[in-house]
Structure formats: structure tokens, C-alpha cells
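Below: the structure, in C-alpha cells.
The values are calculated or read from the model by the stated rules, or taken from the named source; none is laboratory data. None of these values were measured; they are calculated from a predicted model. Counting neighbours? That spans all protein chains shown, and the Cβs are built from the backbone with ideal geometry, glycine included.
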Amino acid sequence: MSQAMPIQLSAEQVADYQRDGFLVVPDVLCAEEAGAFLSHQAARPEEYDLGLRSHVVDPQWRYLATHRNVAGVAEQLIGGTPCVVQTMYLPKPAGENAVGIALHQDAHYLPTEPDTLMACWIALSDTDGDNGGFCAVPGSHLDGVRSWHVSQGDEHSNWSADQLMRDRAGREWTQTFHSFEVDDLDPASVRRLEVPAGSAVFFTGLTVHGSYANRSADRARLAWAVHYVKEGSWISRADVQETVSVPELAAAGRERSS
């Protein structure tokens, strides 16, 4: 179902990613692939739900996480073998004012040493500012980890959760995470992207990004996301510490299907 040739980024695209901290790549999935994933989700077996690690057991999630136009582009941007940290389905139904995610940095939630964290957000429906599409602040990754406050208001979810953390030496501690929102954000700096179904946004762990509520009456915003780190990186959060390289994950999928 995938394209005949895998996507090869141009030098200009790589430069755009390095300058802006994100890159929209068109047509990483064909219509059949996006449709197959949504059909799978509609009747997904319960045993495939492992939360943020569903890619380990769910063949459709594994397919996307190792897709040559997803993991392949990530490899070009990360400069080495990508390892899957976590995967998420992100539906935002129409007509319900479904809230978004506050403008944050993924480094707030997934501290990594060295900092090689990046993500791919795939639109599975046509997305834009009206239906709660992806937002990003160009160049924000160049400022390091920003200070934050807990998000408020009706545009974004508001939550907190304790997570077990562990460093390379085995030292453990508990850290409370919130619905982080970066401080001193200029609303004019936020770019609301138009990302059609099958296209994707690749972005760094330091890029300020998020989304707003879906205010449309009849346009669901459907998306799926995967986070990668470069092989050899350490994730401090214990629940997603067991990363798996893309080649290993793809091989495991072939073994399960044989």
C-alpha cells in the first residue's frame, strides 16, 4: 500500500527542520494506509491496548512506528537509528468542543540524556486550526527547556500524574507531571498548521507545540503520534524506559506474522 519509493528529504527540508524545530512532510501515508488504521481502531481488540507501548503488540501501530516514511524520515533527522519510546492515538471528535493539549515541550514530559528526543504526528483526517489541528512555535527549540505553569481554561486539558523516574545509575524518585504550558508565550508566535490526512509533522523534543479545542461541528480531528530517541539515549521516565529500535520492532512484527 505504501509509496513505491521511500521519502528522501532534501537539504532544504533538513535545514527548515533545524531552523524551525519542525517540518511538515506531505503524503507519508497513502489513503489506503490511513483508512486501514482507522478501520482497525474502530474494532481494535482489547489485548492490543498497552497504553503508550501498544506498538509492541498491535500490528497496525507497529506498522506505522516502523513505516519507511515515518521511521525513515525520523532516521534522516535524528542522525542515527531511531528507537520507539511511545505511541498514541489522538482523536478529537467534532461537535463536542474536545479540548486540546497546552503549548508545551515534550522535554518536559520525557527528559532524555543526551537530548535526541523527536516525534512524528500523523494526520489521519484533514486538520487545521478550526478542528483543533497541530500548532507549533517556529524556532522555539533554540531556547532550551522553558519554564512553565499549569494550563488553565477551557481550550486545554488540565491534569496531574505522578511518574516513577530512574537514572542510568539506578537511582529512583517520583516526579509529578502536569498539563504543562510554557511561560511568556506570545500568541502571535503560534502557527496553526494545515496538515492534510496522510501528511505528518516531525518535530524536536524542545519545540513548543500543542493544539486547541475542536470547535467544528462536523470535522473530527484524528491523529496518531510516535516519539523516537536516537539509539543509546536514556529516557528518565520508567514507564517508557524500555525503548525498542525500529529494526528490532520491525523484525518482531515479521516473526509474529510468520
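Summed over segment 159-178, the residues that are surrounded by 12 or more Cβ atoms within 10 Å (Cβ to Cβ) and over 19 Å from the mean Cα position of the chain (by Cα) give a count of 6. The residues on offer are G153, G133, G129, and the sole one that is buried (at least 18 other Cβ atoms within 10 Å of the Cβ) and among the small types (G, A, S) is G133.
Conditions tested, residue by residue: (1) free of Cβ contacts under 8 Å to residues at least 60 places away in the same chain; (2) in a helix (DSSP H, G or I).
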position: M5; (1), (2): yes, no
position: A15; (1), (2): yes, yes
position: E32; (1), (2): yes, yes
position: S39; (1), (2): yes, yes
position: L52; (1), (2): no, yes
position: L64; (1), (2): no, yes
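Among the residues making up segment 179-194, those that are in a loop (DSSP other than H, G, I, E, B) and surrounded by 13 or more Cβ atoms within 10 Å (Cβ to Cβ) are S179, L185, V190, L193, E194. Could you tell me whether segment 170-182 includes any residue that is of a type in the set (G, A, S), touching an Asp or Glu at 6+ places or on another chain (Cβ under 9 Å) and farther than 29 Å from T81 by Cβ? Checked segment 170-182: no residue is of a type in the set (G, A, S), touching an Asp or Glu at 6+ places or on another chain (Cβ under 9 Å) and farther than 29 Å from T81 by Cβ.
Which of the residues spanning segment 15-51 are surrounded by 14 or more Cβ atoms within 10 Å (Cβ to Cβ) and under 27 Å from V208 (Cα atoms)? Selection gives D16, Y17, D20, G21, F22, L23, V24, V25, D27, V28, L29, A34. Among the residues that make up segment 199-211, is at least one of them of a type outside the set (D, E), part of a strand (DSSP E or B) and surrounded by fewer than 21 Cβ atoms within 10 Å (Cβ to Cβ)? No, every residue in segment 199-211 fails to be of a type outside the set (D, E), part of a strand (DSSP E or B) and surrounded by fewer than 21 Cβ atoms within 10 Å (Cβ to Cβ). E96 fulfils the conditions (1) at pLDDT below 95; (2) under 18 Å from the mean Cα position of the chain (by Cα) except for a single criterion, (2).
Looking at this structure, is A98 of a type outside the set (S, T, Y), in contact with a His (Cβ under 7 Å, 6 or more places away or on another chain), assigned to a loop (DSSP other than H, G, I, E, B) and more than 20 Å from R53 (Cβ to Cβ)? Considered against the rule, which asks whether it is of a type outside the set (S, T, Y), in contact with a His (Cβ under 7 Å, 6 or more places away or on another chain), assigned to a loop (DSSP other than H, G, I, E, B) and more than 20 Å from R53 (Cβ to Cβ), A98 comes out as no. Residues in segment 52-86 that are among the hydrophobic types (A, V, I, L, M, F, W, C) and more than 22 Å from A107 (Cα to Cα) were compared, and the one that is surrounded by the fewest Cβ atoms within 10 Å (Cβ to Cβ) is V57.
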